[in-house]
Amino acid sequence: MAVKNKKLFEFSPALESAGHIQLKEQYELFINGKWTKPKSGKYFKTINPSNEKVIAQVAEADEADVDAAVSAAEKAFNGWSSLSGKERGKYLFRLARLIQEKARELSVIETLDGGKPIRESRDIDIPLAAAHFFYHAGWADKLEYAFPNRKTEPLGVAGQIIPWNFPLLMAAWKLAPALACGNTVVLKPAETTPLTALKLAEIIEEAEFPPGVVNIVTGAGATGAAIVNHPKVNKIAFTGSTEVGKIIQCATANTDKKLTLELGGKAANIIFEDAAINQAIEGIINGIYFNQGHVCCAGSRLFVQESVHDEVIQKLKARIENLVVGDPMDKNTDIGAINSKSQLETINKYLKIGKEEGLEMFQSSCSVPSKGFWCKPTIFTGAAQSSRIVQEEIFGPVLAVQTFRTIGEVIQKANNTPYGLSAGVWTDKGSKIFNLTQQLRAGVIWANTFNKFDPTSPFGGYKESGFGREGGVHGLESYLKFND
Amino acid sequence: MQLVNRKSPPVDQVGIEDRIARVTARSIKSDMKLEGLKMAISMIDLTTLEGADTIGKVTQLCTKAQHLCNEYPELPSVAAICVYPSMVGVAKKALGKSGIKVASVATAFPSGQSSLEVKLLDTKMALDNGADEIDMVISRGKFLQGEYDFVADEISTIKDACGKARLKVILETGELGSLDQVRKASDIAIYSGADFIKTSTGKIPKAATLPVTCVMLEAIRDYYLETGKMIAMKPAGGISKSKLALHYLMLVKEVLGDQWLSNEWFRFGASSLANDLLMQYAKSQTGAYQSSDYFSID
């Protein structure tokens with residue numbers, strides 16, 4: 001039978017509506033339980049990266065605003081930390097439930113502001129954010145069981161700076177353990193994606209948290225620096241680029257500020273010839289194209305055993321053609337918009353570098369909208385450890401493929417990177433998995449799956465991917481001091 | 001034949017389930033839904049396989065196949081009628097020149113617990129009565145004993161006997177125990193000459209599922225990549241709702257591509273699915289769901 005030219009059974013648009021969401025035109029700073037105008041008087045615009053339309057104006061906090069927020073948090077600390085764990089847990093449970101109730105609204109705002117597909121914000125970001133609050137709410141009155149025979153105390157004021165790739169989820173990762181342990185918080189969301197954190201501030205108001213326990217200040221790098229450098233901040237938690245992480249580590253040196261950093265990554269995703277190849281293909285796709293590749297633990301370095309290289313590449317290319325790239329609000333979209341113009345420029349720079357290095361580039365033949373920031377899913381084959389696209393974090397939907405021959409070789413190559421956040425192993429053989437996981441220097445290693453997250457599982461890196469863990473019992477330690 | 005030495009690739013059940021979760025989260029709307037409903041109707045093997053089948057019952061089913069819904073003449077007819085060998089003649093006569101094919105189960109359906117001689121006679125009876133397609137069952141007992149050569153030889157012998165008739169090989173996946181086994185049985189059937197691979201007889205509770213179908217589609221895809229030859233697929237049993245049928249089509253499109261989206265390469269073995277598809281189609285035309293009394297139940 002002849003193949004027809006017209007594509008059969010094509011997706012019809014299935015747009016999530018934005019009619020039900022409530023967004024203000026202008027957002028102030030959330031300090032001491034009140035919406036406060038910035039002392040600087042300055043505002044910046046936050047746009048929808050899929051069509052470049054302005055969604056809202058957001059206040060820009062300067063040093064004086066940050067000082068007010070830190071003072072509010074400091075004042076609230078005594079009351080909050082002396083509440084019984086059970087009472088603190090109640091607030092967190094309430095917050096978790098309210099997030100669940102408003103899940104649809106939060107998902108839509110997350111997608112509008114950040115460009116990620118509604119499927120992901122609906123099925124992953126928002127449910128996981130709620131799960132983090134539920135999980136940590138449970139710890140609030142059980143800290144003595146988490147750390148038996150040790151006396152724990154909260155640290156004080158935690159300054160938390162979060163990235164733009166999972167805006168609400170990262171806020172949850174930071175806030176939930178800090179609050180459960182009895183700390184008060186000044187949180188700064190990323191300047192390109194502040195809206196769900198501000199919605200979270202509204203939810204915190206609704207949950208009737210004591211004023212000052214959570215303060216949310218918006219702004220760019222300077223605002224973050226003001227938090228990091230504020231003398232009354234006792235703890236800094238940062239998720240973002242390795243470059244900024246280094247600056248923060250320098251800034252907090254010689255102070256008694258406790259620090260955790262969750263930085264970049266260049267994860268090795270290793271596929272052996274005895275793997276369930278067809279499922280591994282799905283895992284590779286999920287590993288690198290999830291959230292447009294804006295994932296610090298993305299499986300951006302693919303290692304394929306030479307004997308199955310051709311099969312894997314053939315199937316990967318075919319699978320990429322099936323991915324739906326486009327309007328993030330469409331429920332069928334797999335790959336949405338790149339978060340910002342500057343990030344798109346970074347990605348394009350690396351595409352150019354890859355081509356100049358003589359690597360073979362393959363992109364989906366899909367079309368992308370004319371407005372907004374877009375990058376087609378991309379594969380580079382023929383890469384080596386010396387290729388720049390293998391060495392440097394791209395933070396986009398770009399996969400670099402290398403081949404290997406033996407298990408010893410691939411372990412060496414996988415570890416041959418300044419980063420060490422995550423890794424993936426694909427094989428049908430259990431013994432091989434255990435052999436590898438003991439030798440790979442990465443904080444999270446997935447076997448026969450990728451990009452799976454759970455509040456009970458600690459997450460964090462080796463080497464330039466940072467230090468400290470978030471999630472699980474390990475994550476609580478970062479927000480406590482031990483008076484033994 | 002090198003079947004024994006041929007190693008089927010492993011299947012990761014968790015991975016398959018993740019994949020299915022992705023597919024079933026898809027939103028199938030408006031034009032796509034209409035196209036899908038029509039396509040699904042055209043892919044149905046309208047089936048009656050009962051001890052109680054009579055000339056009357058089969059004739060009525062054949063009438064239904066030719067007049068699915070008189071209100072909507074734009075709808076396609078089903079692909080085939082599927083009956084026991086003894087009813088093939090009846091169906092053939094009732095369907096006349098409608099173009100609807102007659103498929104017959106054979107080879108000691110549904111258990112397959114008989115000798116090759118009997119299975120061949122069973123097949124011959126269906127063919128002599130005019131069957132266009134033969135739905136055979138594999139010997140699951142032999143398969144589970146590891147006698148893969150036996151299973152393969154049986155399939156290729158029946159295939160030879162089929163002549164021009166297309167051969168569907170029923171794996172009865174609900175009895176195979178794991179997705180790895182499903183993959184192995186699929187490979188054996190494909191390499192032994194199956195034109196179609198089919199999930200189930202419909203005679204045991206565990207019938208077709210999306211994960212099982214996904215594994216079989218992957219076997220078909222891998223064979224196509226290796227040889228350039230297309231094999232058809234037929235999930236059967238347990239598919240009675242339109243939404244599920246559309247998810248199957250989605251899966252076929254994603255795993256195999258547009259080439260397989262026709263009734264030459266994909267079928268549903270079902271009896272009650274047709275009316276649900278009709279009801280959904282009528283809803284799309286009138287805006288309201290009609291009572292099931294408006295759809296004939298032959």
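Things to note:
- Each of B:Y223, A:I203, B:G174 was placed along the dipole of the protein assembly as shown (beta-carbon charges, centred on the mean Cα), and the one lying farthest toward the positive end is A:I203.
- The protein assembly as shown - Debye-derived log10 I(q)/I(0), Cα point model, q = 0.07, 0.08 Å⁻¹: -0.60, -0.75
- Remark: mean inter-chain Cβ contacts per residue of B:254-267 equal 3, using a 10 Å Cβ-Cβ cutoff to other protein chain atoms.
- Peptide packing: for A:257-268, B:164-175, B:232-243, the average count of neighbouring Cβ atoms within 10 Å per residue gives the ranking A:257-268, B:164-175, B:232-243, highest mean first.
- Extension gain for A:S40-A:V368 works out to 114.2 nm (0.36 nm per residue, less the C-alpha to C-alpha distance).
- Computed across the range A:268-447, the Kirkwood radius stands at 16.4 Å (inverse of mean 1/r, all Cα pairs).
- Cβ-based exposure ranking for A:L399, A:L476, in which fewest neighbours within 10 Å come first: A:L476, A:L399
- Computed about its Cα centre, the charge dipole of chain B is approximately 380 debye, with only Lys, Arg, Asp and Glu carrying charge at their Cβ.
- If the convex hull is drawn through the Cα atoms of chain B, its volume per residue in Å³: 127 Å³
- Charge tally around A:P418: other residues with Cβ under 10 Å, Lys/Arg +1 each, Asp/Glu -1 each, net -1.
- Of the GluC sites (Glu not before Pro) in the range B:1-62, those whose Cβ has at most 14 other Cβ within 10 Å and which sit in DSSP loop: B:E50
- Cα convex hull of the range B:183-298, projected area averaged across orientations, nm²: 8.3 nm²
- Listed by chain and number, the aspartates and glutamates placed with their C-alpha closer than 18 angstrom to that of B:K57 are B:D45, B:D298; residues fewer than eight positions away on the same chain are left out.
- Label zone at A:Q22, where the point sits 7 Å out along the Cα-to-Cβ direction: the range A:206-232 residues whose backbone N lies under 19 Å: A:206-209
- Here the range B:98-151 and the range A:342-371 have alpha carbon centers that stand 54 Å from each other.
- Highest to lowest packing among A:403-414, A:15-26, scored as the average C-beta count within 10 Å: A:403-414, A:15-26
- Total formal charge among the other residues, if their Cβ is under 9 angstrom from that of A:A158, Lys/Arg +1 and Asp/Glu -1: +3
- Straight-line reach from B:K119: taking Cα to Cα under 25 Å and skipping same-chain neighbours fewer than 8 places apart, the lysines in range are B:K92, B:K93, B:K101, B:K142, B:K159, B:K164, B:K168, B:K184, B:K198, B:K203, B:K206, B:K234.
- Fewest-first sequence of B:K64, A:K90 by Cβ atoms within 10 Å of each Cβ: A:K90, B:K64
- Mean separation of Cα pairs under 8 Å and 6 or more residues apart, divided by the residue count, gives chain B a relative contact order of 19 percent.
- When both bridge partners sit in the protein assembly as shown, DSSP labels roughly 25% of those beta bridges antiparallel.
- Between the range A:22-44 and the range A:186-212, the Cα center-to-center distance that results, in Å: 11 Å
- By the beta-carbon count within 10 Å of each Cβ, the least crowded to most crowded order of B:D149, B:D276, fewest first, is B:D149, B:D276.
- Average other protein chain Cβ within 10 Å of Cβ, residues B:217-227: 2
- Inter-chain Cβ neighbour average for residues A:275-286, partner chain, 10 Å: 6
- Positive-end extreme of charge dipole, the range A:329-428 - chosen from A:S387, A:N339, A:G420 (charges on Cβ): A:N339
- Euclidean distance between Cα centres, the range A:66-105 to the range A:119-182, Å: 11 Å
No lab work stands behind these numbers, since they all come straight from the coordinates. Quantities reported herein were computed from a predicted structural model and do not represent experimental measurements. Ideal geometry is used to build each Cβ from the backbone, glycine not excepted, and the neighbour counts take in all protein chains shown.
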